[in-house]
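Colleague: This structure is in structure tokens; I'll ask about it shortly.
The values are calculated or read from the model by the stated rules, or taken from the named source; none is laboratory data. All figures in this text were calculated on a predicted structure; none of them were measured in a lab. Here the Cβ positions follow ideal geometry from the backbone for every residue, glycine too, while neighbour counts run over all protein chains shown. Quick note on the areas: whole protein, heavy atoms, side chains included, nothing else; ligands and nucleic acids left out. Shrake-Rupley method; radii C 1.70, N 1.55, O 1.52, S 1.80 Å.
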Amino acid sequence: MRVLVKGAGVAGLTVAWQLYRHGFDVTIAERAGKVGTGASGFAGGMLAPWCERESAEEPVLTLGRMAADWWEAALPGHVYRRGTLVVAGGRDAGELDRFAGRTSGWEWLDDAGISALEPDLAGRFRKALFFRQEAHLDPRKALSALTAGLEEARMRFLFGAAGEPARYDRVIDCTGAARIGRLPNLRGVRGEMLSLESDEITLSRPVRLLHPRHPIYIVPRDKGRFMVGATMIESEDTGPITARSLMELLNATYALHPAFGEARLVETGAGVRPAYPDNLPRVTEDGDTLHVNGFYRHGFLLAPAMAGEVARRLLAEQRQPERRAS
């Protein structure tokens, strides 16, 4: 079966990889000139289903628990299994209890436990939640590595093109926010982020700082860089980060550790995350096209599960070819 995958963000590339592993003939079409130009390129890359359960429905946990294993199998060495640390300032300490009440898979840490995991946070927080089973990756490196693997396997990429659906048995549309206004009930949720660079602080794992209005996460990258995110604004605006969001993210980062006050601001960005009313992704069918969309803030976490669903559907069609016209 010849398959055209539209979109080379995290959804499209994971679908393409999964189909390639099952022996399908896959072509990937991307209107931009390279992979990861949409919201995927601004993602935190946290594989954190237990933490995300705090504000998400149960499927985020049940579907997301296998994400770290999927990414490690696809891209050995790209997944960091160091857990997630969740902290709160003194006046917001009650937020930790609220967070714990809505999640599972955590353990309480005192100041000594926090210091053992993250020495640079020693003395800054009295207690924290540690989600030992969680992991993270660098989204841009992961997307590049998937692309390289698919190219090495002789899967075709069509950059700057939409593809020609008539040439393929199936089209898998993974174009994300481009389908807003075209797929029923799909809306945009704006997310803004920034990257800081500092040699005065080291973190080994994602740290979430709870706040009633401005919770943030900080994800360590290579070479002293940290990704800080992210706002969630009900908007389809694709413009640059706003001054308000920039100040809120910077203030919260400074509250985590004053060393970030001297960090260099090396990047800001904004992307529109496509979302359905329940904030869960889904696979929908329209003729010869399957739409994979609605990942909200869970792209890297839930893309493997949706890719598996697509593969199961196409494998079932191969076993029952009479169900489809040739």
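Colleague: Among the residues of segment 60-82, count how many are in contact with a helix residue (DSSP H, G or I) (Cβ under 8 Å, 6 or more places away or on another chain) and either open to solvent by less than 60 Å² (accessible area, probe 1.4 Å) or of a type in the set (Asp, Glu) (or both).
Modeller: 10
Colleague: Looking at the structure I just gave you, is Ser40 open to solvent by less than 40 Å² (accessible area, probe 1.4 Å), of a type outside the set (A, V, I, L, M, F, W, C), within 30 Å of Phe157 (Cα to Cα) and assigned to a helix (DSSP H, G or I)?
Modeller: yes
Colleague: Considering only segment 234-259, how many residues are under 21 Å from the mean Cα position of the chain (by Cα) and open to solvent by 60 Å² or more (accessible area, probe 1.4 Å)?
Modeller: Qualifying residue count for the region: 5.
Colleague: Still on this structure, please answer the following. Could you tell me which numbered condition Ala316 fails, if it satisfies all but one of (1) open to solvent by 40 Å² or more (accessible area, probe 1.4 Å); (2) free of Cβ contacts under 8 Å to residues at least 24 places away in the same chain?
Modeller: (1)
Colleague: Pairs under 8 Å by beta carbon, first residue under 30 Å from Gly123 (Cα atoms) and of a type in the set (Ser, Thr, Tyr) in segment 231-260, partner open to solvent by less than 40 Å² (accessible area, probe 1.4 Å) and assigned to a helix (DSSP H, G or I), six or more apart or different chains?
Modeller: Pairs that qualify, where the first residue is under 30 Å from Gly123 (Cα atoms) and of a type in the set (Ser, Thr, Tyr) and the partner is open to solvent by less than 40 Å² (accessible area, probe 1.4 Å) and assigned to a helix (DSSP H, G or I), are Thr231/Ser245; Thr231/Leu249; Thr253/Phe260; Tyr254/Phe260.
Colleague: I'm checking my understanding of the structure. Among residues of segment 131-143 that are within 12 Å of Cys51 (Cβ to Cβ) and in contact with a helix residue (DSSP H, G or I) (Cβ under 7 Å, 6 or more places away or on another chain), which one is most open to solvent (accessible area, probe 1.4 Å)?
Modeller: Selected residue: Gln133.
Colleague: Moving on to the next point. How many of the residues in segment 193-210 are open to solvent by less than 70 Å² (accessible area, probe 1.4 Å) and either among the acidic types (Asp, Glu) or over 21 Å from Ser115 (Cα atoms) (or both)?
Modeller: So the answer is 5.
Colleague: Further question on the same structure: Within segment 54-98, count every residue that is among the charged types (D, E, K, R), farther than 12 Å from Ala305 by Cβ and outside any helix (DSSP H, G or I).
Modeller: Total satisfying the criteria: 4.
Colleague: So, one more: Would you be able to tell me the number of residues in segment 104-145 that are in a loop (DSSP other than H, G, I, E, B) and touching a residue at least 12 places away in the same chain (Cβ under 8 Å)?
Modeller: 13
Colleague: List pairs: first residue in segment 263-287 and in contact (Cβ under 8 Å) with a residue 60 or more places away in the chain, second residue among the acidic types (Asp, Glu) and not in a strand (DSSP E or B) anywhere in the structure, Cβ distance under 7 angstrom, at least six positions apart or on different chains.
Modeller: Listed pairs, sorted by first residue: Val272/Glu236; Asp278/Glu57; Leu280/Glu57.
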